[in-house]
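This report concerns only the one structure given below.
The values are calculated or read from the model by the stated rules, or taken from the named source; none is laboratory data. Everything numeric in this text was worked out from a predicted model, so none of it was measured. Glycine gets a Cβ as well: all are built from the backbone with ideal geometry, and neighbour counts include every protein chain shown. In case anyone asks, the SASA skips ligands and DNA or RNA and just uses the protein heavy atoms, side chains included. Shrake-Rupley method; radii C 1.70, N 1.55, O 1.52, S 1.80 Å.
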Amino acid sequence: RSYGGLQAYPSRTKDPDGIDFSTGSVGLGAVAPAFAALAHRYTKHHFEDVTSRRFVALIGDAELDEGNVWEALLDEALENLDNLIWIVDLNRQSLDRVIPGIRAARLKRLFADHGWQVLEAKYGRRLQTLFARPEGESLRRRIDEMSNEEYQALIRLRGPDLRTRLLDCTDGAQIATVVADVSDEQLPDVIANLGGHDIEELIEVLGQTNQTPRRPTVIFAYTIKGWGLPTAGHPLNHSQLLNSEQIEGLRERLGVQIGSEWEGFAPNSVEGQLCAEVVQQLFGGMAPKQRLPAQSIDLAAIPDDLNLSVPETTSTQEAFGRILVRLADVPGLRERIVTTSPDVSVSTNLAGWINKTGVYAPIEHPDYETEAYRLLRWKRGPSGQHIELGISEMNLFMLLGMFGIADDLCGQQLIPIGTVYDPFVLRGLDALIYGIYSGARFIVAGTPSGITLAPEGGAHQSTVTPSLGIELPRLEAFEPAFARELEWLMLEALRLCCDREHGRPSYLRLTTRTIDQDLLSPALKRLGEAELRRQVLRGGYRLIDGIRDFPDIQAEHTIQIISSGALIPEAYAAANYLRHEGVAAHVVNAVSPRRLYEAWRAGDCLDWLLPQSERHAPIITVMDGASHALAWLGSVVGTPVTALGIDDFGQSGTRDDLYQHFGLDPLSIAEAAFRALDISNEAMKQ
């Protein structure tokens, strides 16, 4: 755990060796191989040639407390994955305690009810030999029926005391005959002889995983936490360390020589030869780090332009759907795109894409809906390229994460694109962070967003997601207002997905509000398309230059209005109002506050947005999200900032009502500008 050493939990991106899955203790490392197994099945159907075979997760029984585990088991998309094995290390302990009661039977029923093959390695061969004796069933029944707490306490007793406690039951006489020839010294080890520590038993159980096709398998391997150590089975052994004397005893018992603790097995030893055989079997003689080359996407397949046709007024969510339909016609790219959504595909504008590509299912399904007027053709089969999930945002981000590293896991590169209602990005935040931390590359559209989704009320209105877009490491985040911006940003996001060396995932915060696309004209005329596109990709541009765009203005004062996304029309209208009052108002469209922030942190003073000659001008930031998301821009120029945004929970109402309530309507923005100018003028006088 020293600086520069191995991570406390194995990490795909931070550890030097080839790690398939980053792990942790919150259920994500368990579920990740399940979605990787789905990626294997998907790529096998679409490309045939895959490098993966089977996915195995070793998880603790207390980890099954995590809700995301059961969210995954419930999802239809993960049914019948016969290339998936979960091995549950059933030691009956969590961090702080022995799990009360007898829980294993309930867990097994839950897995069986979800269609899994349930196996167990419960008892070792020594105990099984005793069970096979006359009256041996009485001993099995005694151990089976005792609570976890009693068993953990029992195995830590001295032999004579353990025997007394073991026989203190109605079947005590029968049990006494079964263990009569087991000495007191041997008895604790015999009663603790569980299947998870018996290699022969484990091998036999693992051999049964191929006997039931088209089902995932869970193996409950019964173990004792700390087995073989002085702390074995202790209720608080999670935080216990061995002392020097105990460490020395362990070293001697294992035959480890001082000074050779980290040496590998000698190549000519039985162990060394076995390791070499396994490497040959798994990697064909290559080191684990030398991955088989993936079938990757040629960056040249990504067009420079989609020639997107959009109405005079449209929303970014609607434009997103149009872009996907266009991408469905791009050879070399279409085949690699897979979309997914947690039961909101129609309401997030994926219908056009789904009509063209179909819905993925491992077997062909008949389509019973034949009405000609139906807008969505829900054709399900192995060739489909949309995966529909149940209402679980955790599953959405786990799927995006595992499909986003399919090139490493399965040998086939994919471009996963997901949609989710923006407020519920937070519902899947753990899995989103896990995917980013694992180095996955994907695109997610959070839509609709903000209080702009006015009639839906506060439960469906996101406020902090713009901040997440800035703060989450290695995530590109964009909040476009216009379809032209979104087209350029989608092509950029596709390139980031395809770049195996420097790629990143991308987050698009979109909205259903329609915006007049002609509002982009002043910037397009002033900058030209090539320069406007360059600035959009840098993170922002001047939508209105309050002086150059209106050379006849007699301006006494200057103000900077910085906004993005749905509130650009309000910023635009406020600038026009201020212009008629003799104020030159510049409107900066911060398409990606994340990219602007990173550029500023890297030493860029953002002169193309906020020229040195105008840095005396107060700044008004306007965001359909938490006000602080853009407030940092005052640090760039050393100018006071009035930050307008959403710092309370939303509510139902019309969009205009809510904008007025939160001070985001054009008049409120203009009033904030006048106040900022008054304060600035007063400060200059002093």
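Below are the figures for this structure:
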quantity	calculated
Filter result for residue 631 (touching a residue at least 12 places away in the same chain (Cβ under 8 Å) and not aromatic (Phe, Trp, Tyr))	yes
Residue in the stretch 266-288 that is out of contact with any Lys or Arg (no Cβ under 9 Å at 6 or more places or on another chain), in a loop (DSSP other than H, G, I, E, B), open to solvent by 90 Å² or more (accessible area, probe 1.4 Å) and at pLDDT below 85 present	no
Candidates 8, 34 - the one that is farther than 27 Å from residue 147 by Cβ and in contact with a Leu (Cβ under 6 Å, 6 or more places away or on another chain)	34
One residue from 418, 401, 384, 450 being part of a loop (DSSP other than H, G, I, E, B), touching a Ser or Thr at 6+ places or on another chain (Cβ under 8 Å) and either among the basic types (Lys, Arg) or at negative phi (or both)	384
Residue match in the stretch 643-658 (condition: touching a strand residue (DSSP E or B) at 6+ places or on another chain (Cβ under 8 Å), open to solvent by less than 20 Å² (accessible area, probe 1.4 Å) and either assigned to a helix (DSSP H, G or I) or farther than 17 Å from residue 589 by Cα (or both))	no
Test: residue 590 is in contact with a strand residue (DSSP E or B) (Cβ under 8 Å, 6 or more places away or on another chain) and either over 27 Å from residue 535 (Cα atoms) or at pLDDT 95 or above (or both)	yes
Every pair of residues 6+ apart whose Cβ atoms lie under 6 Å, when the first sits in the stretch 356-367 and is assigned to a loop (DSSP other than H, G, I, E, B) and open to solvent by 60 Å² or more (accessible area, probe 1.4 Å) while the second is of a type in the set (Ser, Thr, Tyr) and modelled with pLDDT of 95 or more	none
Search result, residues across the stretch 421-447 that are out of contact with any Ser or Thr (no Cβ under 7 Å at 6 or more places or on another chain), open to solvent by less than 10 Å² (accessible area, probe 1.4 Å) and not in a helix (DSSP H, G or I)	440, 442, 444
Pair list, Cβ < 7 Å and 6+ apart or interchain, from the stretch 311-326 residues that are over 11 Å from residue 517 (Cβ atoms) and of a type in the set (A, V, I, L, M) to residues that are open to solvent by 10 Å² or more (accessible area, probe 1.4 Å) and not in a helix (DSSP H, G or I)	323/308
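Matching residues to (1) surrounded by fewer than 16 Cβ atoms within 10 Å (Cβ to Cβ); (2) modelled with pLDDT of 90 or more:
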position: 29; (1), (2): no, no
position: 50; (1), (2): no, yes
position: 72; (1), (2): no, yes
position: 93; (1), (2): no, no
position: 99; (1), (2): no, no
position: 105; (1), (2): yes, no
position: 111; (1), (2): no, yes
position: 115; (1), (2): yes, yes
position: 120; (1), (2): no, yes
